[in-house]
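The values are calculated or read from the model by the stated rules, or taken from the named source; none is laboratory data. Since this is a predicted model, take the numbers as computed values, not measurements. Counting neighbours? That spans all protein chains shown, and the Cβs are built from the backbone with ideal geometry, glycine included.
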Amino acid sequence: MQLWRVEKNLKRGTFNVKKKTKILILSGISGVLLWLGLRMEGIISQKGIELIKFFEGFSYKPYLCQAGVPTVGWGTTMYPNGKKVTINDMPITKQQAEIYLRNDIKTVEENIKLFLTKVLTQNQLNALISFAYNVGIGGLQKSTLLKKINVNPYDKTIREAFGQWIYVKEVKSQGLINRRAKEADLYFS
């Protein structure tokens, strides 16, 4: 896989690409990637989707997750129409759950595109999307993990930053310990 190194040069309003070719800023990093013809629609791969499904688990009926949030399908807490899931909602089908999952992932992807300042590999994106799907966009935005990635996506301390997010209501969760370890492994693979 060929990666494009993109360095922001704010003074000149250009990006320096691998061979020092200069191009205009279109719309942050997303615009540059789009101009280069790199995939930006649906940035998660099937591997990333399977990781999310594995750790979220599936439920036809709404239930309260460890954090006490009403959840259905593969971790959906809000329906595509903006209505929050409630514990009294009707059960859903797997087909509906798939639609909800794809909608949730799309929302995460759109926000990650806004926050990232570096180009990531597919596995790095998969891991980051899984992380954000679980902790939420606000959690990602304020995380040390994102800050480290935006400085140097290959910094080895990023593994530790994943590992900081293992608590549910101030109690360590073995499920989150396992998830963060898998996400970090995928990120560095």
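A Cβ distance below 6 Å, combined with a sequence gap of six or more or placement on separate chains, defines the contacts here; from region 170-189, residues that are closer than 13 Å to residue 54 by Cβ reach residues that are among the hydrophobic types (A, V, I, L, M, F, W, C) in the pairs 179/55; 183/127; 183/131; 183/162; 186/127.
Against the definition (surrounded by 15 or more Cβ atoms within 10 Å (Cβ to Cβ), in the same structural domain as residue 170 (by TED's automatic domain parsing), under 22 Å from residue 149 (Cα atoms) and modelled with pLDDT of 95 or more), how does residue 99 come out, yes or no? I'd like the intermediate steps shown before the answer.
Details: surrounded by 15 or more Cβ atoms within 10 Å (Cβ to Cβ): yes; in the same structural domain as residue 170 (by TED's automatic domain parsing): yes; under 22 Å from residue 149 (Cα atoms): no; modelled with pLDDT of 95 or more: yes.
Against the criterion (surrounded by 15 or more Cβ atoms within 10 Å (Cβ to Cβ), in the same structural domain as residue 170 (by TED's automatic domain parsing), under 22 Å from residue 149 (Cα atoms) and modelled with pLDDT of 95 or more), residue 99 does not qualify.
Scanning region 102-125 for residues that are farther than 20 Å from residue 46 by Cβ, crowded, with 16+ Cβ neighbours inside 10 Å and among the hydrophobic types (A, V, I, L, M, F, W, C) gives 115, 116, 119. Restricting attention to region 56-88, and to residues there that are of a type in the set (Phe, Trp, Tyr) and surrounded by 17 or more Cβ atoms within 10 Å (Cβ to Cβ), which single residue is farthest from residue 175 (Cα to Cα)? So, considering only residues that are of a type in the set (Phe, Trp, Tyr) and surrounded by 17 or more Cβ atoms within 10 Å (Cβ to Cβ), the one farthest from residue 175 (Cα to Cα) is 79.
Among the candidates 92, 129, 166, which residue alone is within 23 Å of residue 45 (Cα to Cα) and either surrounded by 14 or more Cβ atoms within 10 Å (Cβ to Cβ) or polar (S, T, N, Q) (or both)?
Working: 92 fails: within 23 Å of residue 45 (Cα to Cα); 166 fails: within 23 Å of residue 45 (Cα to Cα).
Matching residue, one of 92, 129, 166: 129.
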